[in-house]
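What follows is a short report on a single structure.
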Amino acid sequence: MKIIFSLFLAILFTINSSAQSEPTYYRIKFIDKANSAFSLSRPSEFLSAQSIERRHKQQIALTESDLPVNHEYLEVLRKDGAEILYSSKWLNLVIVKIADRNDIGKIASNQFIKEINPADHLFKQNLSQKKNNFFDFETVEEYKTKEKILENKTVSAYNYGASLNQAQMIGVDQMHDLGFNGRGVKIAVIDGGFNSVNTLAVFDSLNQNGQIIGTKDFVQPGNDVYGTLMSTHGMMVLSIMGGYLPGQLIGTAPKASYLLLRSEDVQAEYLMEEYYWVNAAEYADSVGVDIINSSLGYTLFDNGIGDHSYADMDGNTTVVTIGADMAASKGILVVNSAGNSGNDPWHYIGAPADGDSVFSIGAVDPSGVYASFSSVGPTSDGRIKPDVSAQGANTIVAVIPSGVAAGSGTSFSSPVIAGAAACLWQANPTFSNMELVNAIRNSGSQSSSPDNLKGWGIPDFILANNLLTSTFIEIKETLTGLNAYPIPFHTKITIELESSLGIIADIKILSSMGSTMAEMKGIEINKGKNLISFNKLDRLPKGIYMLQISDGYHFITKKIVK
């Protein structure tokens with residue numbers, strides 16, 4: 001087998017061939033998962049029944065990425081002197097501490113290693129400068145108009161109090177009236193801590209009804225995510241979805257179940273947090289969640305260590321985006337805040353909001369006007385972002401020690417949408433994550449002319465529900481004018497396609513027997529003419545194939561030849 005040695009090995013061996021040195025971190029990527037103790041034919045050994053059911057419901061095949069990292073590889077690394085600090089099955093890698101650099105050569109000689117690179121830059125440094133990308137909300141102001149808002153008399157299922165506007169704006173209050181409140185849908189909240197969620201009155205309903213189904217800390221394993229030293233940010237985010245304080249705050253999914261996962265160290269901003277995020281998403285997948293809300297994002301880091309460039313915002317480069325898209329490929333609806341950099345020199349969205357299959361949420365004010373702090377698109381490869389927008393300015397959130405306040409940031413518009421999406425999925429459980437995204441986007445206030453400020457606009461969840469349940473299936477064919485060249489093709493195909501709507505589609509190459517030979521999932525198709533490249537097809541044998549493009553409701557095909 002080919003072993004890829006990085007240049008740093010030669011340098012280290014020259015400078016430090018025999019001396020003992022300080023502990024150093026390394027990122028080791030494996031070449032495969034061969035000889036694993038686990039098998040795709042026995043998925044219940046590494047995935048929960050709910051996780052397997054989600055795949056079956058959305059017709060998602062198990063792949064090698066679902067298998068845990070090969071345990072034998074880990075044991076060999078330990079015997080060779082490596083301390084395993086982190087492992088990821090989706091990335092198929094580990095991060096290790098090596099106390100003696102003399103062990104590096106022995107470790108690198110293992111034929112199961114694909115890459116080995118220094119990783120000291122991933123971890124928290126002795127920092128003098130803190131760059132908060134957009135984790136913290138922009139402002140919090142004490143809510144002082146409660147009496148005025150409480151004068152609103154409604155016949156709704158809930159007494160929303162101050163939170164009525166953020167619910168009404170997207171029609172989720174009407175979904176609640178229809179009996180859709182998120183019940184039976186599992187939402188993972190990936191954040192920086194959930195201070196006092198176990199004691200605040202706004203979460204009494206969640207706690208008493210067993211709707212918090214688990215907690216886990218990936219930054220400092222074993223920690224209490226509810227601890228008073230933890231961030232309040234995750235608590236506020238959760239309150240927007242699951243809060244229940246009649247007359248003050250009703251969340252957009254008050255009956256959903258929640259998994260609370262800490263991946264963010266709010267004391268610093270460093271690249272390792274992206275790896276923690278991926279671990280949290282892997283765990284969420286394995287226990288069977290339906291939706292991830294992530295009010296986090298990454299662009300710049302403390303003291304410039306590991307900063308991303310705008311070119312990295314292409315949906316395929318950063319570790320956290322790769323992980324978020326992988327979660328979406330497993331059938332999870334990944335909802336992520338766009339970012340709060342709209343007024344900054346870096347005004348673009350961050351990672352993982354740039355992901356092809358990540359549902360990115362911008363912010364508007366209570367009147368539905370674009371909030372100037374909300375990060376904008378496009379992605380560096382030209383895709384429109386955010387996807388949709390919701391109230392992120394003066395959003396009503398829970399605060400410590402009690403009551404509510406008005407806070408601003410896309411950290412808060414994201415859970416407004418995530419909770420509403422849970423209600424929509426409860427109402428339409430047979431649809432896939434990307435079919436939900438299509439319906440929500442097409443219900444948006446500017447779906448006919450999306451832009452890079454508000455995306456497809458402010459969604460109407462009643463309309464989205466109607467699109468899924470009835471009228472959307474009856475509309476005229478979405479996809480037309482399919483052409484592909486060259487014929488015969490060799491390593492890639494260029495696809496020309498026209499669409500009457502902006503949608504997300506899957507593109508497959510099928511054998512003459514109907515088997516999927518290659519596919520691209522969650523591809524953004526714009527209204528009008530599209531040009532799409534389908535690459536890396538050199539492994540396909542010569543023959544006749546069928547090119548199929550589907551938006552989940554209709555499909556269009558064309559015969560192609562290699």
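The values are calculated or read from the model by the stated rules, or taken from the named source; none is laboratory data. If you're wondering where the values come from, they're calculated on a predicted model, not measured in any experiment. Cβ atoms come from the backbone with ideal geometry, glycine included; neighbour counts cover every protein chain shown.
Observations on the model:
- Count - residues of region 421-450 that are part of a helix (DSSP H, G or I), out of contact with any strand residue (DSSP E or B) (no Cβ under 8 Å at 6 or more places or on another chain) and closer than 25 Å to Leu296 by Cα: 4
- When region 262-287 is filtered for residues that are hydrophobic (A, V, I, L, M, F, W, C), under 14 Å from the mean Cα position of the chain (by Cα) and under 18 Å from Ala422 (Cα atoms), the ones remaining, listed by number, are Ala281, Ala284.
- The conditions of being touching a helix residue (DSSP H, G or I) at 6+ places or on another chain (Cβ under 8 Å), under 30 Å from Tyr158 (Cα atoms) and not acidic (Asp, Glu) are met by Asn198.
- Top-ranked residue of region 170-189 - restricted to ones that are more than 24 Å from the chain's Cα centre (by Cα) and assigned to a loop (DSSP other than H, G, I, E, B), ranked as farthest from Leu463 (Cα to Cα): Gly179
- Counting only residues that are assigned to a loop (DSSP other than H, G, I, E, B) and either in contact with a helix residue (DSSP H, G or I) (Cβ under 8 Å, 6 or more places away or on another chain) or more than 22 Å from Gln50 (Cβ to Cβ) (or both), region 218-263 holds 25 of them.
- Hits in region 45-89 (condition: part of a loop (DSSP other than H, G, I, E, B) and basic (Lys, Arg)): Lys89
- Looking only at region 507-534, residues that are surrounded by 12 or more Cβ atoms within 10 Å (Cβ to Cβ) and outside any strand (DSSP E or B) come to 3 in all.
- Close pairs from region 400-422: first in the same structural domain as Gln166 (by TED's automatic domain parsing) and surrounded by fewer than 24 Cβ atoms within 10 Å (Cβ to Cβ), partner at pLDDT below 95 and in a strand (DSSP E or B), Cβ under 6 Å, at least 6 apart: Ala405/Val140; Ala405/Glu142; Ala406/Glu141
- Count - residues of region 536-551 that are surrounded by 12 or more Cβ atoms within 10 Å (Cβ to Cβ), touching a residue at least 40 places away in the same chain (Cβ under 8 Å) and either among the charged types (D, E, K, R) or closer than 21 Å to Thr491 by Cβ (or both): 5
- Any hit, region 467-474, residues being at pLDDT 90 or above and surrounded by 20 or more Cβ atoms within 10 Å (Cβ to Cβ): no
- Test set (1) under 16 Å from the mean Cα position of the chain (by Cα); (2) of a type in the set (Ser, Thr, Tyr); (3) outside the structural domain of Asn181 (by TED's automatic domain parsing) - Ser447 fails condition number: (1)
- Residue in region 246-255 that is of a type in the set (D, E, K, R) and touching a strand residue (DSSP E or B) at 6+ places or on another chain (Cβ under 8 Å) present: no
- When residues of region 377-395 are limited to those that are assigned to a loop (DSSP other than H, G, I, E, B), of a type in the set (S, T, N, Q) and under 19 Å from the mean Cα position of the chain (by Cα), the one farthest from Ser357 (Cα to Cα): Ser380
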